[in-house]
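Below you'll find the structure, written out as structure tokens, and then a few comments.
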Amino acid sequence: MTRTDPMTCSDPMTVLLEWQAAAREAGDPQAGLMALSTVSPAGEPSLRTVSVKLLESRRIGFVTDSRSPKARDIAACPRVTVMFTWMSLRRQVTVRGDAARMSAEEAGREFRRRSRPAQLGAWASHQSSPILDRGVLDSALAAAARRWPEGTPVPVPPHWAGYVITPTEIEFLRAGRPDRLHDRSRHRPAGDAWVQHVLGS
Ligand SMILES: Cc1cc2nc3c(=O)[nH]c(=O)nc-3n(C[C@H](O)[C@H](O)[C@H](O)COP(=O)(O)O)c2cc1C
């Protein structure tokens, strides 16, 4: 149960945080994930799952490979949508916003939070690029492990990137009613405050 109701709240980011905490408490496997949609310069939409690395006042963050298609899309068009879906609670939050690169310092902090295998994996990976076979990745991982043996700090790869999304619209949906008239509300920033509308389901 959450304390803040999106239909009456003054800060939707607080509700988003509470809903995510409730999803974690409910053991929802999607609690730390979101779907990220970007648009290519040719206008083609793409959608993929990313881990939520940052969720705080007007900042939603994730990390990725700066050479990936999503990073190329964002460089050309920073408008993105992310969607949190927590089926255990029958809740969905959709956030539209503008994505920008995290500072190198903040992205580096995220890198250092990763496990050592995940740090080495980031060096071995060339996300979304075709390779001959899985062996190419295994060799690259072994090479990274030789380069930075156990006990040696793994540096941040040059292609490591973090992005921060600044919301321009947040929409909450709470499903599960027999009449299917879901509780929905839309929130848009207006200076320091938010303008809120209840939606006709
Ligand atoms: C559970 C899960 C978590 C993921 N987390 C991330 C992530 O945090 N960052 C990331 O770049 N890709 C993550 N991925 C992989 C992406 O969904 C995607 O396949 C990859 O980033 C390539 O996307 P692109 O080719 O559209 O750029 C995750 C996938 C799954 C299934």
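The listed residues are Val164, Val154, and the only one of them that is in a loop (DSSP other than H, G, I, E, B), touching a Leu at 6+ places or on another chain (Cβ under 8 Å), at pLDDT 95 or above and not charged (D, E, K, R) turns out to be Val154.
Identify, from the list Arg147, Arg174, the residue that is of a type in the set (Lys, Arg) and either under 25 Å from Arg72 (Cβ atoms) or open to solvent by 70 Å² or more (accessible area, probe 1.4 Å) (or both).
Details: Arg174 fails: either under 25 Å from Arg72 (Cβ atoms) or open to solvent by 70 Å² or more (accessible area, probe 1.4 Å) (or both).
So the residue among Arg147, Arg174 that is of a type in the set (Lys, Arg) and either under 25 Å from Arg72 (Cβ atoms) or open to solvent by 70 Å² or more (accessible area, probe 1.4 Å) (or both) is Arg147.
Answer with yes or no whether Thr8 is over 22 Å from Gly162 (Cβ atoms) and among the polar types (S, T, N, Q). When the stated conditions are applied, Thr8 passes them. I'd like the full set of residues that are touching a Ser or Thr at 6+ places or on another chain (Cβ under 7 Å) and of a type outside the set (S, T, N, Q), limited to region 28-49. Selection gives Asp28, Gly32, Leu33, Ala35, Pro45, Leu47. In the set (1) more than 11 Å from Trp160 (Cα to Cα); (2) at pLDDT 95 or above, the condition left unmet by Ser128 is number (2).
Residue by residue, here is whether (1) among the charged types (D, E, K, R); (2) under 16 Å from Val82 (Cβ atoms); (3) in contact (Cβ under 8 Å) with a residue 40 or more places away in the chain holds:
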{"residue": "Asp133", "(1), (2), (3)": "yes, no, no"}
{"residue": "Asp138", "(1), (2), (3)": "yes, no, no"}
{"residue": "Leu141", "(1), (2), (3)": "no, no, no"}
{"residue": "Ala144", "(1), (2), (3)": "no, no, no"}
{"residue": "Glu169", "(1), (2), (3)": "yes, yes, yes"}
{"residue": "Phe172", "(1), (2), (3)": "no, yes, yes"}
{"residue": "Ala175", "(1), (2), (3)": "no, no, yes"}
{"residue": "Ser185", "(1), (2), (3)": "no, no, yes"}
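Listed by position, the strands (runs of 3 or more DSSP E) inside region 1-102 whose residues that are surrounded by fewer than 16 Cβ atoms within 10 Å (Cβ to Cβ) and within 15 Å of the ligand (Cβ to nearest atom) number at least 3 are 45-51. Condition check for Phe111 on (1) open to solvent by less than 40 Å² (accessible area, probe 1.4 Å); (2) within 16 Å of the ligand (Cβ to nearest atom); (3) more than 30 Å from Arg146 (Cβ to Cβ); (4) of a type outside the set (Gly, Ala, Ser): one failure, at (3).
Let's see how each residue does on (1) over 30 Å from Glu56 (Cα atoms); (2) of a type outside the set (Asp, Glu); (3) in contact with a Lys or Arg (Cβ under 6 Å, 6 or more places away or on another chain):
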| site | (1), (2), (3) |
| --- | --- |
| Asp133 | yes, no, no |
| Ala140 | yes, yes, no |
| Ala145 | yes, yes, no |
| Trp148 | yes, yes, no |
| Gly151 | yes, yes, no |
| Pro158 | no, yes, no |
| Ala190 | no, yes, no |
| Ala193 | no, yes, no |
| Gly200 | no, yes, no |
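Looking only at region 32-68, filter to residues that are among the polar types (S, T, N, Q) and in contact (Cβ under 8 Å) with a residue 40 or more places away in the chain; which one of those is farthest from Pro158 (Cα to Cα)?
We begin by selecting, within region 32-68, every residue among the polar types (S, T, N, Q); these are 37-38, 40, 46, 49, 51, 57, 64, 66, 68.
If we keep only those that are in contact (Cβ under 8 Å) with a residue 40 or more places away in the chain as well, we get 37-38, 57, 64, 66, 68.
Details: Ser37: 24, Thr38: 23, Ser57: 28, Thr64: 12, Ser66: 9, Ser68: 13 Å.
The selected residue is Ser57.
Based on what the data block shows, is Ala122 within 16 Å of the ligand (Cβ to nearest atom), open to solvent by less than 30 Å² (accessible area, probe 1.4 Å) and in contact (Cβ under 8 Å) with a residue 24 or more places away in the chain? Spelling it out, Ala122 is indeed within 16 Å of the ligand (Cβ to nearest atom), open to solvent by less than 30 Å² (accessible area, probe 1.4 Å) and in contact (Cβ under 8 Å) with a residue 24 or more places away in the chain. Looking across Ile131, Ile170, one residue alone is outside any helix (DSSP H, G or I) and touching a strand residue (DSSP E or B) at 6+ places or on another chain (Cβ under 7 Å). It is Ile170.
The values are calculated or read from the model by the stated rules, or taken from the named source; none is laboratory data. These numbers were taken from a predicted model, which means no experiment stands behind them. We place every Cβ from the backbone using ideal geometry, glycine too, and count neighbours over all the protein chains shown. Remember, those area values only see protein heavy atoms, side chains included, never the ligands or the DNA or RNA. Shrake-Rupley method; radii C 1.70, N 1.55, O 1.52, S 1.80 Å.
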